[in-house]
1. I'm told Ser282 meets every condition in (1) exposed (fewer than 15 other Cβ atoms within 10 Å of the Cβ); (2) more than 30 Å from Pro237 (Cα to Cα) except one. Can you identify the failing condition by its number?
2. Out of Thr359, Thr294, Thr394, I need the residue that is farther than 30 Å from Ser238 by Cα, modelled with pLDDT of 95 or more and among the polar types (S, T, N, Q). Which one?
3. Considering each of Thr309, Thr355 in turn, give the residue that is over 30 Å from Trp269 (Cβ atoms) and either of a type in the set (Ser, Thr, Tyr) or in contact with a Gly (Cβ under 7 Å, 6 or more places away or on another chain) (or both).
4. Among the residues of the stretch 234-281, how many are farther than 30 Å from Pro313 by Cα and not hydroxyl-bearing (Ser, Thr, Tyr)?
5. Answer yes or no as to whether Gly259 is open to solvent by 50 Å² or more (accessible area, probe 1.4 Å), free of Cβ contacts under 8 Å to residues at least 60 places away in the same chain, within 20 Å of Pro228 (Cβ to Cβ) and not in a strand (DSSP E or B).
6. For Glu134, only one of the following conditions fails: (1) within 30 Å of Lys258 (Cβ to Cβ); (2) over 25 Å from the mean Cα position of the chain (by Cα); (3) of a type outside the set (Ser, Thr, Tyr). What is its number?
7. Condition first: buried (at least 17 other Cβ atoms within 10 Å of the Cβ) and among the acidic types (Asp, Glu). Can you find one or more residues in the stretch 118-130 that meet it?
8. Give the residue that is farthest from Glu342 (Cα to Cα), with candidates limited to residues of the stretch 353-381 that are among the aliphatic types (A, V, I, L, M) and in contact with a Leu (Cβ under 8 Å, 6 or more places away or on another chain).
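The values are calculated or read from the model by the stated rules, or taken from the named source; none is laboratory data. Computed from a prediction, not measured in an experiment: that's the story for all the values here. Note: ideal-geometry Cβ built from the backbone for every residue, glycine included; neighbour counts use all protein chains shown. The area values use the complete protein model at the heavy-atom level, side chains included, leaving out ligands, DNA and RNA. Shrake-Rupley method; radii C 1.70, N 1.55, O 1.52, S 1.80 Å.
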Amino acid sequence: MSEAKVWYKNPAILVPIIAALIAAIGGITAAIIDGDDDVELCTVQGVVTSADGIPVADAVVEINGLSSKTDVSGVYIIHGASAGKKTVMVHIPKQEPIKRTMKVPEGHENIVFDIALPSFPAPEPAPAPAPTPEPEQEPEPEPVASVSVSPSSPTIEQGTKVKLVATVRDALGNELTDRYVQWQSDNPSVASVDTVTGLVTGKSQGTTTITATSEGKSDMVDVTVTPPPVGSVTISPSGGTIEVDGNLQLTATVRDTKGNQMTGMAVSWEPSNPTVATVSASGVVTGISAGTCTITASAEGVQDSVIITVPAPTYPEPTLNQDDEFAPNGGKAGDYVFIYGENLDILGLQVKFGTKTATIVEREPTRIKVVVPDGVLGSVNILVSTLGGSVVSTESFAIYP
């Protein structure tokens, strides 16, 4: 047993023998070496060669679940093979498995089973790598030819906003949506503008120019800011009482719909009964006569009203001097007479000699000068009356023909 293994493992002796066996039996030879009928399992060994007779290393030979890998001389050894017909599979790296069959006779300890592989097709060459495409050149952007802003002439209320839109086009009229637009307001105190978005905010009454610029091209629009509508008018004081010929200053406060006070707003004033009271353009009320009068202030159709009361005037009652009521004590028609007393210059002053009314020439609080009327003769009393009352002289005045 030991001598058979020595010569078998010598490649110089083994290779010529394998070649002769392949030529004789078509590539597969089974030989029985040193048999012993008492052994049920045996060792199968052999050499795996290529179609050209060259030993194949690293091939895996498998016989019914038992396997062995060939060494550099193409030799494999499988121990423990049982008797009978066997399927032999040879696995070559990167090739399809090769299938062979063999018969292991009973009663033999060692079996030689050499395997000659068929010719394998040459592997297809790897495809050549695809050529790397040249990077596409980015086209030069079209220059901006025009900028137009819309809406063209917006009007907004103070405190509100409007969005302006700039349309940028090239020389062919194509819209350029990827261009940066810069916004600017000529008078931010009237209306400011977001430099990026074009959002305009009304600040105060007036007009300003908003400009949009892109790559040196620009367009501009005028934005007009108007005051917000009037929300309320409030008169102060809320009413009052004045004497005849007395005055009262009224003030109207105007606020917008947001409650903000509006300065410089035109306010109109109107009395409901001018015979009782009048009102000037600046809101000064003057009492004319006793009664009530409604004063109305209006601004852009919004109104407020207050009631003014003019009470009836009260006047002191006239009196005559007890010792010296008038002088002289007599006269004829056309003569002057002086009457003395108190509160003689009150409104509604009237002087009568008997039933005839005298003409008043002069009036003072303590003295009045009158002319003796025609149409009356004899002794008469003098009556002095005003809005404060009346008084009759206790002495008689003698009228001569």
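1. (2)
2. Numbers: Thr294 fails: farther than 30 Å from Ser238 by Cα; Thr394 fails: modelled with pLDDT of 95 or more.
Result: Thr359 is the single residue among Thr359, Thr294, Thr394 that is farther than 30 Å from Ser238 by Cα, modelled with pLDDT of 95 or more and among the polar types (S, T, N, Q).
3. Working: Thr309 fails: over 30 Å from Trp269 (Cβ atoms).
None of the other options fit; the residue is Thr355.
4. 12
5. Working: open to solvent by 50 Å² or more (accessible area, probe 1.4 Å): no; free of Cβ contacts under 8 Å to residues at least 60 places away in the same chain: yes; within 20 Å of Pro228 (Cβ to Cβ): yes; not in a strand (DSSP E or B): yes.
Considered against the rule, which asks whether it is open to solvent by 50 Å² or more (accessible area, probe 1.4 Å), free of Cβ contacts under 8 Å to residues at least 60 places away in the same chain, within 20 Å of Pro228 (Cβ to Cβ) and not in a strand (DSSP E or B), Gly259 comes out as no.
6. Tallying (1) within 30 Å of Lys258 (Cβ to Cβ); (2) over 25 Å from the mean Cα position of the chain (by Cα); (3) of a type outside the set (Ser, Thr, Tyr), Glu134 fails exactly one: (1).
7. The initial filter retains those residues of the stretch 118-130 that are buried (at least 17 other Cβ atoms within 10 Å of the Cβ), namely none.
No, every residue in the stretch 118-130 fails to be buried (at least 17 other Cβ atoms within 10 Å of the Cβ) and among the acidic types (Asp, Glu).
8. The first filter runs over the stretch 353-381 and keeps only residues among the aliphatic types (A, V, I, L, M), leaving 358, 360-361, 368, 370-372, 376-377, 380.
Going one step further and asking which of them are in contact with a Leu (Cβ under 8 Å, 6 or more places away or on another chain), we end up with 360, 368.
On the way: Ile360: 16, Ile368: 10 Å.
Once the filter is applied, the top-ranked residue is Ile360.
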